[in-house]
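Okay, structure first, notes after.
The values are calculated or read from the model by the stated rules, or taken from the named source; none is laboratory data. These figures come from a predicted structure and were not determined experimentally. Glycine gets a Cβ as well: all are built from the backbone with ideal geometry, and neighbour counts include every protein chain shown. Calculation scope for accessible area: heavy atoms of the full protein, side chains included, ligands and nucleic acids excluded. Shrake-Rupley method; radii C 1.70, N 1.55, O 1.52, S 1.80 Å.
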Number of protein chains: 2
Amino acid sequence: MAETSIDSLKAVLAQKRASAEAQGQAIRFLKASGASPSEVESTLNSLKAMKVEVEVLSKELNSRVSENGGGNRDAFRQGVVNALERRLFYIPSFKIYRGVAGLYDYGPPGCAVKSNVLGFWREHFVLVENMLEVDCPCVTPEVVLKASGHVDKFTDLMVKDEKTGTCYRADHLLKDFCKDKLEKDLTLPEEKAMEYKRVMATLDDLSAKELGSKLKEYGIVAPDTKNPLSDPYPFNLMFATSIGPSGLSPGYMRPETAQGIFVNFKDLYYYNGNKLPFAAAQIGQAFRNEISPRQGLLRVREFTLAEIEHFVDPDDKSHPKFKDVSNLEFFMYPRDEQKEAKPFKKLQLGDAVKKGIINNETLGYFMGRTYLFMTSLGIDKERLRFRQHMANEMAHYAADCWDAEIESSYGWIECVGIADRSAYDLRAHTEKSGVQLVAQEKFAEPREVEKLVITPSKKEVGLVFKGNQKKVIEALEVMKEAEAMEVKANLEAKGEVEFFVCTLGQSVTLTKNMVSISKEKKKEHQKVFTPSVIEPSFGIGRIIYCLFEHSFYTRPNKAGDEQCNVFKFPPLVAPIKCTVFPLIQKPEYEEVAKLISKALTRARISHKIDITGTSIGKRYARTDELGVPFAITVDSSNSVTVRERDSKDQVRVSVDEVAAVVKDVTDGDSTWADILSRYPLHSSSSSDE
Amino acid sequence: MAETSIDSLKAVLAQKRASAEAQGQAIRFLKASGASPSEVESTLNSLKAMKVEVEVLSKELNSRVSENGGGNRDAFRQGVVNALERRLFYIPSFKIYRGVAGLYDYGPPGCAVKSNVLGFWREHFVLVENMLEVDCPCVTPEVVLKASGHVDKFTDLMVKDEKTGTCYRADHLLKDFCKDKLEKDLTLPEEKAMEYKRVMATLDDLSAKELGSKLKEYGIVAPDTKNPLSDPYPFNLMFATSIGPSGLSPGYMRPETAQGIFVNFKDLYYYNGNKLPFAAAQIGQAFRNEISPRQGLLRVREFTLAEIEHFVDPDDKSHPKFKDVSNLEFFMYPRDEQKEAKPFKKLQLGDAVKKGIINNETLGYFMGRTYLFMTSLGIDKERLRFRQHMANEMAHYAADCWDAEIESSYGWIECVGIADRSAYDLRAHTEKSGVQLVAQEKFAEPREVEKLVITPSKKEVGLVFKGNQKKVIEALEVMKEAEAMEVKANLEAKGEVEFFVCTLGQSVTLTKNMVSISKEKKKEHQKVFTPSVIEPSFGIGRIIYCLFEHSFYTRPNKAGDEQCNVFKFPPLVAPIKCTVFPLIQKPEYEEVAKLISKALTRARISHKIDITGTSIGKRYARTDELGVPFAITVDSSNSVTVRERDSKDQVRVSVDEVAAVVKDVTDGDSTWADILSRYPLHSSSSSDE
């Protein structure tokens, strides 16, 4: 329906534009024919009104197109998804049993792409940064996820069809309603439109109660049956299970891999020689029992995460290698730009850190490394941006957070979250487990520090406040420095002070003899602290899906009667690096093809040999759709041609050399341009491509 | 307790041996001193009796030692596990929360070993054999595992402490009881001992009822509380969960990765150009909710499997590359040898297939490839055997099955199962899903085949058998050829025949008019069949644990006052390939070390740089315990030494060359012997190793 509405908008707009143009011609004609100024003026006014109308309509159209992906985007996506499913990049899981929403398999080429992406991730992050990689189980006991907050807070709000029991995400229903109104109701008054837009913008902030009352207010019912809906209530998104046979040890499938690293902090810190900073990393499956998964491959119930937990001293978040990335320039969308509805813009990383837009060097370093990672994979740098979280988006403990977002046919998709989570996670596990997850730094020289010392007098407090003694004393002991010094000053000046005890919900009058407050100098030999953690977390499946969209294009075949699909994967991620085929079916050529195949296997180049009699053009088209960057065609016994996928250029190389040439350009030691300069170009006129 | 008993046995044995020796000396003395022959003879008889006693005792000791791993084995294992835990190869998962039985993390070096093993698996199997790798979710809907039989049959028998509810594996309790009796009860009559041994040997075949009555008969109670136990009942070993929010879609965490491949057979067959044979492969997590995990790292609740499903025409299980492995000789333990309690023996693979010991070439091919895989990793070929399943061990549908077993301190451990599962899995999913998982082979020429045609006459059968009509007709239709031809012959000869209808549980008398049986010739253009599947399934964690044991040894340090641990991993699996350290703390040396580290990173060699002031000997010892094969020591600005871990040989190499040298020997392009011949040996006398 959205498409029809956009199409009709386009038609109206085209009509108005045509009229405006006609009006413009009329004015020129009137002027030329010496019409009266008032006559010209009136036509001019009518033209102006028309132009305003055109402008409004065209804005509206743009916003609608970008809002729902638009007709072109849908068609483009369908093209990509068709190619992906036909070539088994993806398969809906358990298809012969009609599948399960939100579960997908990677078929052979998809699996190879995934394995290449993970291999590169391991090289780009773990190897280069000397990270400590760990591998923890998916099955996780409840206590761990209780400490992390997932048991209590990892929920979405759900409503049920009161009669059939079908479940819906409450925010989805509200969003759909508003979107539908905005798109279809052409008579919608401006203020109503504004209201719906506001609701859509604040969906994530609504409480269960607020969501429920909006659903009621708008009369929203179950979409399929029109039955009434239950009130929204939280549904925990973790897959629950039970560990062991007793039924007494609840567990969950982990919703992220990070917790496995946090609980191992002490051992990893020791492994690193009790030194900070260091980073641990983990690649593995994570699980979210989505209420009703949408957005195909982007919103799934099981997915691969690659997460880094970089532990630093909270007082020093500089990074020794920041200078290696500080000159990078890429799209950023800082908080302030978003607030003022300004567009995102290209910033230099070093500048952004210097100006305090990005909280610290380490955070910035990982943004830079992430940018390099993404663009090496083949993500279009013009459709990649780092969006800063708004204050209300971040957890209360987070110092700063940037999402790497990739533009796809679904809009801007969060693929990597890079967050400074401060000391939250380690503190939470310290508290729950009783094991101190802290770091120690020995000072070269003992340092003199001033410490606040608060000593309540139990006796005096007890005499006056009796049963409330304990609460008053606790309140005194937890005073922060500023408050304590004020209390001290007042007691010294006036002899007494009003003091609010929050556990009593009231103020009490303190007198001088009830508490002694002082600052004392102490020598400290080391500092003991909970490290901050900076967490870059990569949704591998989302990155791969976006990569598929960014790599996909179509081009006409030679005859011009068909569009052929191409995935322009760089060799780094291409599922198969090279195909080998004899130009025609001929035993000698087959022998050569097999020889080359053996040499490629020895060089560890994944390849495919195709000795079917299919036309060479069709065989090229097949491998283009798999994103194979190079094709070796055997057309003689001593030399062969090597074709590059996107330029379709071919060079002639001797049989003995060809495996080494392909390895060279696949490993990135040479570019295709190098190869072109080294070997004679082969005219492809002989082939039927 | 078992060890004490072994220790006391050892003491008795030593005593008897000493007496025997004394007796022998006495005889020599008697002879020399000219004692009477009868005197000598009597002493000689007593010596003979003593020798028999020694022999019996020493046999007993040997069998006990090998049965329970023995004191040495336990001590050895403790040494390995201590080193593994101290260097974070493994960490008990969620340790700060006191852990969960059967769940382990791989720490940094363990994770690197695992990643190397999987990388090599992918290369050795997927790349070289052009397998179709897939990647399916762990969360699996019930219907799939119902079809595969796991929902009904993937169980262990459990008993509960009637008072506390603590759960035990019934067979474990029975086994422990028997073992304990055999080890501790020195007055055990021979027939009782035989009975306990028989029970232990047939544990896996006992039904719930049989197990229950044995437990009762022996008066076995809960080991911790001595409370009575419940009857044994089956406990399903899958982790159960629920997919989506409704609670109406039961699911499980997959117990193996194979099912993901079977349900995709149709797509994969198409992807392979509708041609057989082909193999699909999958690496991923699998889950078993063990009742009470034992055997440390070998019996865990979550583990990585690497599985291959090789689909073949059941009429042709030859393998084109079998000749590449047919000359391999390794330990096999065929069914017949096991039946006759003979030892396992070295066989040539080609011979074993030719003689029909191994069912077919494809099965044999994968055994050979598995042997090469294991030994390349560093598994000792003298402690690796392929044991054939006994007839009662195999599923009824399996054609043949061999387990690759590795000898460890726990005894012989099944690490890989290589089974010819015939058409079972594809048939089961065809039946449950209604989707035909079959292959088609078009004949070059149509073939004439003879087909059995059985046409019962409904009317005649109905007239005589009334309500049993349907059952008689069904029984007639499913007759196999031999039976049908016999019925036909009898009907033709005698006019009637007795015919057993199993659904009625009785015979009926058939007359000639009730059924027509004939053979008809038909032309067939293709055959449609369910492929057989040959499944090599690798338990990666078990292989890695055994590899740790096979790689571990100790050697004295230079001073001779301490034993140092070494893991002699081949470079292929070593977690870190190389360390770099300055001989002494000196800025120039540090600079060189950093330069070399950069060159190693560029060459993608995982390494560790250690610039602490620790003595060089200690730094070597540390890296030996991590299994790092090469150490680069910077002791000048233009050349460095490279030390090989096991020989401790050192060569001198220039700074510019050293990264390339290490890469060469790490990638397996050169051996250490090659390096020794190419570069001057460096005397290590200067170091304090």
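Of the residues that sit in segment A:608-642 and are without any contact (Cβ under 8 Å) to a residue 40 or more places away in the chain and assigned to a strand (DSSP E or B), which one is least open to solvent (accessible area, probe 1.4 Å)? Among them, the one singled out is A:VAL642. Just to verify a result, which residue in segment A:656-671, among those that are buried (at least 19 other Cβ atoms within 10 Å of the Cβ) and within 19 Å of A:LYS598 (Cβ to Cβ), is farthest from the chain's Cα centre (by Cα)? Checking each candidate, the answer is A:VAL658. Per this entry, B:GLU407 is not counted among residues that are part of a loop (DSSP other than H, G, I, E, B) and among the charged types (D, E, K, R). Residues in segment A:501-511 that are open to solvent by 80 Å² or more (accessible area, probe 1.4 Å) and at pLDDT 90 or above: none.
Quick check, is B:VAL453 open to solvent by 30 Å² or more (accessible area, probe 1.4 Å), among the hydrophobic types (A, V, I, L, M, F, W, C) and either within 30 Å of A:TYR97 (Cα to Cα) or not in a helix (DSSP H, G or I) (or both)? Answer is yes for this residue.
Does any residue of segment A:367-379 turn out to be open to solvent by 50 Å² or more (accessible area, probe 1.4 Å), without any contact (Cβ under 8 Å) to a residue 24 or more places away in the chain and outside any strand (DSSP E or B)? No, segment A:367-379 contains no residue that is open to solvent by 50 Å² or more (accessible area, probe 1.4 Å), without any contact (Cβ under 8 Å) to a residue 24 or more places away in the chain and outside any strand (DSSP E or B).
Evaluating B:GLU474 against the criteria (1) at pLDDT 90 or above; (2) in contact with a Ser or Thr (Cβ under 8 Å, 6 or more places away or on another chain); (3) of a type in the set (D, E, K, R) leaves one unmet condition, (1). Taking the conditions (1) of a type in the set (Phe, Trp, Tyr); (2) touching a Leu at 6+ places or on another chain (Cβ under 7 Å); (3) under 24 Å from A:GLY212 (Cβ atoms) in turn, A:TYR252 satisfies each one other than (3).
Quick one: what pairs do we get from segment A:124-148, first residue within 27 Å of B:TYR252 (Cβ to Cβ), second β-branched (Val, Ile, Thr) and in a helix (DSSP H, G or I), C-beta under 7 Å, 6+ apart or different chains? The qualifying pairs are A:VAL134/A:ILE261; A:GLU142/A:VAL151; A:LEU145/A:VAL151. When restricted to residues that are acidic (Asp, Glu), over 30 Å from A:LEU298 (Cβ atoms), within 14 Å of chain B (Cβ to nearest Cβ) and surrounded by 14 or more Cβ atoms within 10 Å (Cβ to Cβ), segment A:424-450 contains 0.
Condition check ((1) open to solvent by less than 90 Å² (accessible area, probe 1.4 Å); (2) touching a helix residue (DSSP H, G or I) at 6+ places or on another chain (Cβ under 8 Å); (3) aromatic (Phe, Trp, Tyr)) across all residues:
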position	(1), (2), (3)
B:GLU492	no, yes, no
B:PHE499	yes, yes, yes
B:ASN513	yes, yes, no
B:GLU520	yes, no, no
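If you go through segment A:217-275 and keep only what is at the interface with another protein chain (Cβ under 10 Å from one of its Cβ atoms), among the hydroxyl-bearing types (Ser, Thr, Tyr) and crowded, with 22+ Cβ neighbours inside 10 Å, you end up with A:THR241, A:TYR252.
Within segment B:398-423, restricting attention to residues that are in contact with a Ser or Thr (Cβ under 8 Å, 6 or more places away or on another chain) and of a type in the set (D, E, K, R), the residue that is most open to solvent (accessible area, probe 1.4 Å) is B:ARG421. When segment A:91-100 is limited to residues that are at the interface with chain B (Cβ under 8 Å from one of its Cβ atoms) and part of a loop (DSSP other than H, G, I, E, B), the one that is farthest from A:ARG301 (Cα to Cα) turns out to be A:PHE94.
For first residues located in segment B:90-116 and in contact (Cβ under 8 Å) with a residue 12 or more places away in the chain and at positive phi, partners that are among the aromatic types (Phe, Trp, Tyr) and assigned to a loop (DSSP other than H, G, I, E, B) and lie 6+ apart or on another chain with Cβ distances below 6 Å do not occur. Per this entry, B:ILE473 is not counted among residues that are in a strand (DSSP E or B), open to solvent by less than 100 Å² (accessible area, probe 1.4 Å) and not charged (D, E, K, R).
Would you call A:ALA208 more than 20 Å from the chain's Cα centre (by Cα), free of Cβ contacts under 8 Å to residues at least 60 places away in the same chain and either under 21 Å from B:MET253 (Cβ atoms) or open to solvent by less than 50 Å² (accessible area, probe 1.4 Å) (or both)? Yes; evaluated as a whole, the condition is true for this residue. Which pairs do you get when a residue that is small (Gly, Ala, Ser), found in segment A:492-508, comes within reach of a residue that is open to solvent by 100 Å² or more (accessible area, probe 1.4 Å) and assigned to a helix (DSSP H, G or I), reach meaning Cβ atoms under 6 angstrom, with the pair 6+ apart or on two chains? Listed by first residue and then by second, the contacts come to A:GLY495/A:LYS512. Tell me, which residue of segment B:543-583 that is hydrophobic (A, V, I, L, M, F, W, C) and assigned to a helix (DSSP H, G or I) is surrounded by the most Cβ atoms within 10 Å (Cβ to Cβ)? Out of the qualifying residues, it is B:CYS546. Is it fair to say B:ILE308 is among the aliphatic types (A, V, I, L, M), within 13 Å of chain A (Cβ to nearest Cβ) and on the phi < 0 side of the Ramachandran plot? Answer is no for this residue. Restricting to segment A:255-290, count the residues that are touching an Asp or Glu at 6+ places or on another chain (Cβ under 7 Å) and without any contact (Cβ under 8 Å) to a residue 24 or more places away in the chain. Total satisfying the criteria: 0.
Among the residues of segment B:375-399, those that are touching a helix residue (DSSP H, G or I) at 6+ places or on another chain (Cβ under 6 Å) and either polar (S, T, N, Q) or at pLDDT 95 or above (or both) comprise B:THR375, B:LEU377, B:GLY378, B:ILE379, B:ASP380, B:LYS381, B:LEU384, B:PHE386, B:GLN388.
Among the residues making up segment B:288-301, those that are open to solvent by less than 20 Å² (accessible area, probe 1.4 Å) and within 13 Å of chain A (Cβ to nearest Cβ) are B:ASN289, B:GLU290, B:ILE291, B:ARG301. Could you tell me whether any residue of segment A:315-324 is within 14 Å of chain B (Cβ to nearest Cβ) and in a loop (DSSP other than H, G, I, E, B)? Checked against the condition, which is being within 14 Å of chain B (Cβ to nearest Cβ) and in a loop (DSSP other than H, G, I, E, B), segment A:315-324 yields at least one hit. Report the residue count in segment B:173-190 for those that are in a helix (DSSP H, G or I) and either farther than 19 Å from B:ALA222 by Cβ or aromatic (Phe, Trp, Tyr) (or both). Qualifying residue count, segment B:173-190: 5.
Among the residues of segment B:101-139, those identified as within 7 Å of chain A (Cβ to nearest Cβ), open to solvent by less than 30 Å² (accessible area, probe 1.4 Å) and in a loop (DSSP other than H, G, I, E, B) are B:LEU103, B:GLY107, B:CYS136, B:PRO137, B:CYS138.
Scanning segment B:160-178 for residues that are surrounded by fewer than 23 Cβ atoms within 10 Å (Cβ to Cβ), without any contact (Cβ under 8 Å) to a residue 60 or more places away in the chain and within 11 Å of chain A (Cβ to nearest Cβ) turns up at least one hit. A:TYR252 versus (1) closer than 24 Å to A:HIS310 by Cβ; (2) modelled with pLDDT of 95 or more: which is the lone unmet condition? The failed condition is (1).
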